[in-house]
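A.B. asks: Before anything else, here's the structure in question.
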Amino acid sequence: MSFYTSLISGLVFPLQERLKHHDTVQGRKEMEQSQYWPLEQLEALRVARLKALLTHAGEHVPYYRDLFARLGFKLLSVRGSVDLQNPTLLDKTVICANSRFTLESARNRRRSISNYRTIYGAELGRKF
């Protein structure tokens, strides 16, 4: 490895990521370690990440909060992807018809799907 490559990958890039509050370097280290884990440990990690994703969606996205309540879906009962065998499909028509996909956070409270329609409408090739 050249001096330049070592400097960029070992000092500049990690510093940049830290300043941007990204966890790319930590994530890479975790992936490097986990590639040697036994299958059971990898499955436990996968389930933990799935639960974290579903919990975040259920707490911060009104559409998913309502969907989980309507389906009687209990996040604590998820033990793996086998518990999600009958998913409710999400497609573009559902997104366009439902304005409840905004995150409930201070930063995103004022944003709505209509903002994204004007920004991404041309890219989607659909008139809103």
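A.B. asks: Starting from the Cα-Cα distance between ALA97 and VAL47, subtract it from 0.36 nm times their residue separation and give me the gain in nm to one decimal.
C.D. replies: Full-extension gain reported as 14.9 nm.
A.B. asks: Then there is this: If I take every Cα pair under 8 Å that is 6 or more residues apart in segment 1-95, average their sequence separation and divide by the length, what percent do I get for the relative contact order? All intermediate terms of the calculation are to be shown ahead of the outcome.
C.D. replies: Numbers: 23 pairs, mean separation 17.4, N = 95.
Relative contact order here is 18 percent.
A.B. asks: Given points 7 Å out from each Cα along the Cα-Cβ axis, report the LEU19 to PHE3 separation in nanometres with one decimal.
C.D. replies: 2.3
Since every read-out is calculated from the coordinates, none of them should be taken as a lab result. Here the structure is a predicted model, which is why all the values come from computation and not from measurement. Cβ coordinates were reconstructed from backbone atoms using ideal geometry, including for glycine residues, and neighbour counts include every protein chain displayed.
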